[in-house]
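The structure is given below, and queries will be raised subsequently.
The values are calculated or read from the model by the stated rules, or taken from the named source; none is laboratory data. Keep in mind it's a predicted model, so treat the numbers as computed, not measured. So basically every Cβ, Gly included, is an ideal-geometry build from the backbone, and we count neighbours across all protein chains shown.
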Amino acid sequence: MNKDYYKILGVSKNASEDEIKKAFRKLAHEYHPDKKGGNEAKFKEVSEAYSVLGDKNKRAQYDSFGSNSSFSGGQNGFSGFGGANGFGGFDFSGFTSNGQGFEDIDLSDILGSMFGGRRMRKGRDVQVDIELTFHESIFGVTRKISINSKLVKQKEVSIVIPSGIEDGQAVRMSGLGETIENGQAGDLYVRVHVKHHPNIRKEGYNLVMDISIKLSDALLGTIKNVTTLDGEIELKIPTGTNSGTILRVKGKGVPQGNNRRGDLYVRITVKLPEKLSKEAKKLIEDLKKEGI
């Protein structure tokens, strides 16, 4: 089930880091299992939510793909949250309280005892940037990339970029960051930069493009060859098409999984001639007399 971590912490999706931290501290104090009236299940739930929303990279990943998306588990996503204690090495040591039944208790120690031992150290995360063509971003692609960082010895890894990824989004590869002795390896974040397409743009799961047609084609209708990401198609322009008309081509948009795709929308612009011959002017005058 896809968990709403913002709802669990009782904050909005636009909440600041301080607001998220404040909300977590309040709920952790309320549900702490060592307190009278505490709730261990709730404590684990808010701690899980904060382990994601309290980390910039994990929060960005969660905002993009949720907690139960195609990025969950395996090498991608938040499955298990990376650490032996289930919280990806997040440091809770700064959260102490003087509240009743909770005096001078370090949440780092609490989490360690709750999940069976000391909290495992984790190496630092590493980020690399790659550039994709617009076509690759729409249909997805498998890329081999080289990691060359002060934290990681140079190595080559394969990464699967999902269809429909947005410019600026990142894919997480668990355990491919910095390795440390007697600890857990950090994660690799692959941030994607998508090249601009000269004719097509993405809007959700749909694609949008603009084409221009002649006035005569708009009046009489025609069949126009249009180059899409799937190749060239024949687009029927109906008789009497106005400038600004949007025509829908079903199933030529962004793949959504389960063999489903969004649609392609083609916006029509009627291009008027800059100059007219005498014959053309006469024909237009005749059309004017006909009320056209």
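Take ASN206 and decide whether it is closer than 22 Å to ARG260 by Cβ, surrounded by fewer than 18 Cβ atoms within 10 Å (Cβ to Cβ) and of a type in the set (S, T, N, Q).
Yes.
Yes/no matrix, rows are residues, columns are (1) surrounded by 15 or more Cβ atoms within 10 Å (Cβ to Cβ); (2) free of Cβ contacts under 8 Å to residues at least 40 places away in the same chain; (3) not aliphatic (A, V, I, L, M):
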residue: LYS155; (1), (2), (3): no, yes, yes
residue: ASP210; (1), (2), (3): no, no, yes
residue: ILE213; (1), (2), (3): yes, no, no
residue: ILE223; (1), (2), (3): no, yes, no
residue: THR228; (1), (2), (3): yes, yes, yes
residue: GLU232; (1), (2), (3): no, yes, yes
residue: ASN242; (1), (2), (3): no, yes, yes
residue: THR245; (1), (2), (3): yes, yes, yes
residue: GLY251; (1), (2), (3): no, yes, yes
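Conditions (1) on the phi > 0 side of the Ramachandran plot; (2) basic (Lys, Arg); (3) over 15 Å from the mean Cα position of the chain (by Cα), marked per residue:
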position	(1), (2), (3)
HIS135	no, no, yes
SER158	no, no, yes
ALA170	no, no, no
VAL194	no, no, no
GLY204	yes, no, no
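Taking region 141-153, which residues are farther than 23 Å from GLU178 by Cβ and surrounded by fewer than 16 Cβ atoms within 10 Å (Cβ to Cβ)?
THR142 - this is the single residue of region 141-153 that is farther than 23 Å from GLU178 by Cβ and surrounded by fewer than 16 Cβ atoms within 10 Å (Cβ to Cβ).
May I ask you to say which residue of GLY66, GLY10, GLY73 is under 19 Å from the mean Cα position of the chain (by Cα), at positive phi and at pLDDT 55 or above?
Every option except GLY66 fails the conditions.
Checking the condition assigned to a loop (DSSP other than H, G, I, E, B) and outside the structural domain of GLY140 (by TED's automatic domain parsing), which residue from LYS282, LYS252, LYS236, LYS224 passes?
From the options LYS282, LYS252, LYS236, LYS224, the qualifying one is LYS252.
Right, next: Residues of region 16-40 being among the polar types (S, T, N, Q) and either in a helix (DSSP H, G or I) or modelled with pLDDT of 90 or more (or both), which ones?
Once the filter is applied, which keeps residues that are among the polar types (S, T, N, Q) and either in a helix (DSSP H, G or I) or modelled with pLDDT of 90 or more (or both), region 16-40 yields only SER16.
Would you please name the residue that is modelled with the lowest pLDDT, looking only at residues in region 255-272 that are within 29 Å of ILE165 (Cβ to Cβ), assigned to a strand (DSSP E or B) and of a type outside the set (Gly, Ala, Ser)?
The extreme case among them is GLN256.
Could you list, in sequence order, the residues of region 186-215 that are in a loop (DSSP other than H, G, I, E, B) and in contact with a Leu (Cβ under 8 Å, 6 or more places away or on another chain)?
GLY186, ASP187, LYS195
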